[in-house]
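Trainee: Just passing along the structure, written as structure tokens.
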Amino acid sequence: MDLVEFNAAPADRLRPELASCCDVPRWVDGILVKRPYGDRSVLTAVADQLARELDAAEVDRALQAHPRIGDRPQGAGTEAAWSRSEQSGVGDDPSVRQALARGNFEYEARFGRVFLICATGLSAEQMLGSLQERLTHDDAAEAVVVHEELRKIALLRLQKLVTV
């Protein structure tokens, strides 16, 4: 949808679409309450600021909506389609998929949450390298990285939702 349609659409229609970008009610409501937007850059700036303000519990909530890197999200919904597209760099190499599965298991055991990376434009090797590097982080450093990756994903998805 374009910005004019976004500004005019009923909030109840937009709420699930925005939650596909970042499943945090405060983020969604914060974007909706500031409508109408004069241009997409203002919308992006508001979304960016709201994403930066997410607390740890909200980040954890949003992570629950994200599949593991290397998993192929099923379904016809917007979020599943976006995840499939974003993870297209994973490819079909069974050894890479196996390495990602092992890394995901190790990451989840270490940090207690899904490994999140803004995968758009990354190769499988880059994702795997980041996963291995991030396993060396302490909890506080990794929390900062996860929050940033979530913010980048939310903004990319918002750009897909609201076109020029």
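Trainee: Which of the residues spanning region 1-42 are within 17 Å of Leu150 (Cα to Cα) and among the hydrophobic types (A, V, I, L, M, F, W, C)?
Mentor: Hits for region 1-42 are Leu18, Ala19, Cys21, Cys22, Val24, Trp27, Val28, Ile31.
Trainee: Of the numbered conditions (1) within 27 Å of Val46 (Cβ to Cβ); (2) assigned to a loop (DSSP other than H, G, I, E, B); (3) at pLDDT below 80; (4) of a type in the set (S, T, N, Q), Thr120 satisfies every one except a single condition; which is it?
Mentor: (3)
Trainee: Sticking with this one: Within region 127-164, which residues are part of a helix (DSSP H, G or I), among the hydrophobic types (A, V, I, L, M, F, W, C) and open to solvent by 30 Å² or more (accessible area, probe 1.4 Å)?
Mentor: Taking region 127-164 as the starting set, the residues that turn out to be part of a helix (DSSP H, G or I) are 127-134, 139-161.
The next check asks that each one be among the hydrophobic types (A, V, I, L, M, F, W, C); those that pass are 127-128, 131, 140-141, 143-146, 150, 153-156, 158, 161.
Answer for region 127-164, where residues must be part of a helix (DSSP H, G or I), among the hydrophobic types (A, V, I, L, M, F, W, C) and open to solvent by 30 Å² or more (accessible area, probe 1.4 Å): Leu128, Ala140, Ala141, Ala143, Val144, Val145, Leu156.
Residue-by-condition table, conditions (1) modelled with pLDDT of 95 or more; (2) acidic (Asp, Glu); (3) within 23 Å of Cys118 (Cα to Cα); (4) loosely packed, with under 13 Cβ neighbours inside 10 Å:
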{"site": "Val4", "(1), (2), (3), (4)": "yes, no, no, yes"}
{"site": "Pro16", "(1), (2), (3), (4)": "yes, no, yes, no"}
{"site": "Val24", "(1), (2), (3), (4)": "yes, no, yes, no"}
{"site": "Tyr37", "(1), (2), (3), (4)": "yes, no, no, no"}
{"site": "Val42", "(1), (2), (3), (4)": "yes, no, yes, no"}
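Trainee: Continuing with this model, one more query. Output the residue which, of all residues in region 104-117 that are of a type outside the set (A, V, I, L, M, F, W, C) and assigned to a helix (DSSP H, G or I), is surrounded by the most Cβ atoms within 10 Å (Cβ to Cβ). Write out each step before concluding.
Mentor: As a first pass, look at region 104-117 and keep what is of a type outside the set (A, V, I, L, M, F, W, C): 104, 106-108, 110, 112-113.
Subset that is assigned to a helix (DSSP H, G or I): 104, 106-108, 110.
Details: Asn104: 18, Glu106: 14, Tyr107: 21, Glu108: 13, Arg110: 15.
Here the residue is Tyr107.
The values are calculated or read from the model by the stated rules, or taken from the named source; none is laboratory data. Quick caveat, the model's predicted, so the values are computed rather than measured. Using ideal geometry, Cβ is built from the backbone for each residue, glycine included, and neighbour counts are taken over all protein chains shown. Side chains are part of the model used for accessible areas, which takes the heavy atoms of the whole protein and leaves out ligands, DNA and RNA. Shrake-Rupley method; radii C 1.70, N 1.55, O 1.52, S 1.80 Å.
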